[in-house]
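Here the structure is laid out as structure tokens; the discussion comes afterwards.
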Amino acid sequence: MKKILAISGSLRSGSKNTLILHAINNHFAGRVKMELFDGLADLPHFNPDIEMDNIESVKQYRNSLKHADYVLISTPEYAHGIPGSLKNALDWVVGSGELIDKKVGLLFSSSSEALFVQEQLIEVIRTMSAKIDRSVCLKISGAELTPEIISLIETLIS
Ligand SMILES: Cc1cc2nc3c(=O)[nH]c(=O)nc-3n(C[C@H](O)[C@H](O)[C@H](O)COP(=O)(O)O)c2cc1C
């Protein structure tokens, strides 16, 4: 069975972005294996000086990414940008390359249109040479699993 690594850009307990990933996991159980990455807060601040050191949390994160067929990120917008913990996680794999050629889908659950974070995150993911296009990027409201979200996941794993 193909694997999705799901990453929530919010560390908040009760996060809508995390809840929607759980809902997707329940809906697609049996069709695709989803791992919800819960180590975002354990990653140290990215520092190129220690990039290739054997840091356990980084090793596990890179390993999860490496073995995933798809990556699904659901994130809020913070101050018109990408939440720092999510950007930090992405910076950890710029050099090691686990996102290269990986199919990535993006969901954005934020209180406004989240236009800034959408454009910024798409640009970052493209720059990291992952496979992404607008058909797998969606602004969503709250944590409700809608037909649009289901359709996006179908497209991502097709
Ligand atoms: C520090 C901070 C900054 C925020 N900045 C924005 C913003 O720029 N645009 C926006 O739409 N929402 C902003 N919000 C609101 C979040 O989008 C909203 O709380 C969202 O539901 C958080 O996602 P979560 O439920 O997954 O934690 C901000 C929230 C916080 C805590």
Worksheet entry | Every residue from the range 65-84 that is over 17 Å from Met128 (Cα atoms) and of a type in the set (Ser, Thr, Tyr) | Ser74, Thr75, Tyr78
Worksheet, complete the sentence: Per the list (1) under 28 Å from Ser151 (Cβ atoms); (2) within 16 Å of the ligand (Cβ to nearest atom); (3) surrounded by fewer than 17 Cβ atoms within 10 Å (Cβ to Cβ); (4) touching a residue at least 12 places away in the same chain (Cβ under 8 Å), residue check on Asn88 breaks on (1)
Worksheet item: Is it true that Ala41 is within 16 Å of the ligand (Cβ to nearest atom) and on the phi > 0 side of the Ramachandran plot?
Response: no
Practice prompt. Check whether at least one residue in the range 50-57 is in contact with a Gly (Cβ under 7 Å, 6 or more places away or on another chain), within 16 Å of the ligand (Cβ to nearest atom) and more than 22 Å from Thr155 (Cα to Cα), and report yes or no.
Written response: no
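Here are Ile157, Ile122, Ile140: which of them is at negative phi, surrounded by 20 or more Cβ atoms within 10 Å (Cβ to Cβ), touching a residue at least 12 places away in the same chain (Cβ under 8 Å) and not polar (S, T, N, Q)?
Ile140
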Discussion item. Let me spell it out: the conditions are (1) in contact (Cβ under 8 Å) with a residue 24 or more places away in the chain; (2) surrounded by fewer than 16 Cβ atoms within 10 Å (Cβ to Cβ), and Asn26 meets all of them except one. Which number is the exception?
Written reply: (1)
Fill in: All positions within the range 11-36 that are under 16 Å from Glu144 (Cβ atoms) and within 16 Å of the ligand (Cβ to nearest atom)
Gly14, Ser15, Lys16, Asn17, Thr18, Leu19, Ile20, Leu21, His22, Ala23, Ile24, Asn25
Worksheet item: Leu115 fails exactly one of the following numbered conditions: (1) farther than 26 Å from Ser13 by Cβ; (2) within 14 Å of the ligand (Cβ to nearest atom); (3) buried (at least 20 other Cβ atoms within 10 Å of the Cβ). What is the number of that condition?
Response: (3)
Worksheet item: Restricting to the range 131-149, what's the tally of residues that are more than 16 Å from the ligand (Cβ to nearest atom) and either under 15 Å from the mean Cα position of the chain (by Cα) or not polar (S, T, N, Q) (or both)?
Response: 7
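Quick check: is even one residue across the range 51-65 modelled with pLDDT under 95 and surrounded by 14 or more Cβ atoms within 10 Å (Cβ to Cβ)? Break it down into steps so the answer makes sense when it comes.
Looking only at the range 51-65, we keep the residues that are modelled with pLDDT under 95, and these are 51-54.
Among the residues that remain, those that are also surrounded by 14 or more Cβ atoms within 10 Å (Cβ to Cβ) are: 51.
There is at least one residue in the range 51-65 that is modelled with pLDDT under 95 and surrounded by 14 or more Cβ atoms within 10 Å (Cβ to Cβ).
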Response to the item:
For Phe46, the lone unmet condition from (1) within 16 Å of the ligand (Cβ to nearest atom); (2) surrounded by 15 or more Cβ atoms within 10 Å (Cβ to Cβ) is (1)
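The values are calculated or read from the model by the stated rules, or taken from the named source; none is laboratory data. Values in this document were obtained by computation on a predicted structure and should not be read as measured data. For neighbour counting, all protein chains shown are included, and Cβ atoms are generated from backbone atoms with ideal geometry for every residue, glycine included.
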